[in-house]
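This report concerns only the one structure given below.
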Amino acid sequence: MEKELNLCLGGAKMLNMSQDEGIKLIDSAKQLGINIVDAHHRYGNCEFILGQYDNIQKMTKISAYSYPNIGTHIQSSQELLKHIDIMWVSDLDNKELYSAGEDIYKNIYKDFPVLGINSESPELVMKFHFDHPECNYYMIPLFIGNTNMVSVCKYLVNRGKNVFTIKPFNDGLLLNDYSIEDCLRFVKSVNPSVMIFGTKQIKHLEEVVEIWKR
């Protein structure tokens, strides 16, 4: 097996995957050096598929949209995944969701060894950083053209925070004008802790890993 990479396989593409297809995809990722997978209870079979593995780092999310009924989702994720290495409170994308997500974060802070937040709002990411300086994990979109988030990402990285970036191809929209290499070079220039990307195709998985290594 090759050296592990600071790449994470996103689980959203497993939404309609069979167990066999998902296992084949994760096995391929592991063989390529990826040893962390991002899940969510909304990603179809993803948590169930990922639960078949013991020797892999597992991340999942509890959405601010689920507040205050979070107990059932968290319990289900724990049962399916067997262990959770990183829990994310997700979707802190507007003031109302920020408030809900902040309450969730406070309520489960002691329940998980590593807890972070996910937001697509540069302003709310920074607000959370200042409101909760103890938080060391941030999941944010980073792609060509997302200028405001670039400065946020650099700020957090420079302060020793663990930044996990998502949507390197902006849900595929950037590939109309840029190459995969362009997109990955842009993300890598900001030096995130981990880049998360999703795919259903092993060929695409291999291509992204090969380019990332250059």
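May I ask you to verify whether ILE34 is β-branched (Val, Ile, Thr), in a helix (DSSP H, G or I) and surrounded by 23 or more Cβ atoms within 10 Å (Cβ to Cβ)?
Taking the combined requirement at face value, the residue does not satisfy it.
For region 134-214, list the strands (runs of 3 or more DSSP E) that sit wholly inside it and hold at least 1 residues that are in contact with a helix residue (DSSP H, G or I) (Cβ under 6 Å, 6 or more places away or on another chain), surrounded by 14 or more Cβ atoms within 10 Å (Cβ to Cβ) and touching a residue at least 40 places away in the same chain (Cβ under 8 Å); which are they?
By residue number, 194-198.
Restricting to region 37-51, and then to whatever is touching a Gly at 6+ places or on another chain (Cβ under 9 Å) and small (Gly, Ala, Ser), can you tell me which residue is surrounded by the most Cβ atoms within 10 Å (Cβ to Cβ)?
ALA39
Can you say whether ASP54 is more than 22 Å from LEU5 (Cα to Cα), surrounded by fewer than 18 Cβ atoms within 10 Å (Cβ to Cβ) and acidic (Asp, Glu), as far as the supplied structure shows?
Answer is no for this residue.
Taking ILE104 as the residue in question, decide whether it is buried (at least 19 other Cβ atoms within 10 Å of the Cβ) and closer than 20 Å to GLY160 by Cα.
For ILE104, the condition - buried (at least 19 other Cβ atoms within 10 Å of the Cβ) and closer than 20 Å to GLY160 by Cα - is not met.
Within region 58-84, track down each residue that is assigned to a helix (DSSP H, G or I) and β-branched (Val, Ile, Thr).
If the condition is that a residue be assigned to a helix (DSSP H, G or I) and β-branched (Val, Ile, Thr), then THR72, ILE74 are the ones that fit.
Quick note: the coordinates plus some simple rules give every number you see, no bench work behind them. The structure displayed is predicted, hence computed values, not measured ones. Virtual Cβ from ideal backbone geometry, glycine too; neighbours counted across all protein chains shown.
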